[in-house]
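Read through the structure below, which is laid out as structure tokens, and then see the notes.
Computed from the coordinates by the stated procedures, all read-outs in this text should not be read as laboratory data. All values derive from a computational prediction rather than experimental measurement. Virtual Cβ from ideal backbone geometry, glycine too; neighbours counted across all protein chains shown.
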Amino acid sequence: MTHSGPTIALRAVSRALAVCAAMLVLAITFGVAHAETTQVADIMPVQLPPDLVQVRSQPAMVAPAPGEQALTPELLANYVARQKALHDFNVDAAEPQAELTQDVLMGYIARASFGGDNGALSAIDSFTKPAEPTLNPTLLARYIDAGFEPTAERVKKRNLALAATGAGQTESDCLAQAIYHEARGESEAGQYAVANVIVNRALSGKFPSTLCGVIYQNANKGYHRCQFTFACDGKDDAPGERAAWNRSKAIAKAVYAEFATGQQMDTLPRSVLYYHTRSSNPSWSNTYTQVAQIGSHLFYAPN
């Protein structure tokens, strides 16, 4: 069988292409194998020198604790420079501050209140508060006028409180003191009359409601403001005349028994609330009605 020229040429080209393809496959196969071998060899660690191994085995450097650093000239110079910069700071060179408004002030107070006192406000407060006064005679007199009570007066008020709870003997003792000091030189009628005025006052609603309260009313406010002189004259109230004291106690006991049981005394009318001795002439005597004169005392009732 005969072939033409073109057919023979085509077959030759096909064989050449087949050979080239086979050679390309072999080249790729051996090339990849060589590349893998080269890559593995390239990533293997390199043996380090012994001196480098020793350095790397040492621990990392640790910074010294505060206060343990060595004082070097460089460190000292740096500290001096920082302090100088702080002290040379010019406050006036700072940016202008905003206007001080109520909101700004309240914000400042709120921030400064956390964690303690506000130093600025405390300083202002110390200037606005008056200085502590020192004790002087004027302040002492004001203190006394404002309600200071001596110990003796407090004891009397304590006794008054006891009397209010039913301790009749205390009321009787107060009345005996008044009878003794106000009328011990008077007759029995005169002593009963003084006691009658005290009882009338306790029942009037215009004076304290107890006998002790009536007798020692305003005794802590000075000589000219108490109701009975002996209660605020500063003298010792201890009775010095035994017979007169015993008589005063007996009258006081009888009068208090009537007062405690609600009985009406008949020495004077219940309206009689004041008296004075004939040797004195108080201004109020001209505005009240004189009801009786017993011994050296004149007795009055309000109009």
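Which value, in debye to the nearest 20, describes the size of the charge dipole of region 186-293 about its Cα centre when Lys and Arg Cβ atoms bear +1, Asp and Glu Cβ atoms bear -1, and nothing else is charged?
Value, rounded to 20: 220 debye.
Rank these for me by crowding, I179, I144, going from fewest to most other beta carbons within 10 Å. Please report the intermediate quantities before stating the final value.
On the way: I179 27, I144 14.
If I rank by nearby Cβ atoms, fewest first, I get I144, I179.
Based on the mean of other Cβ atoms within 10 Å per residue, sort peptides 237-244, 292-299 so the most packed one is first.
Details: 237-244: 11.2, 292-299: 17.5.
Those peptides, ordered most packed to least, come out 292-299, 237-244.
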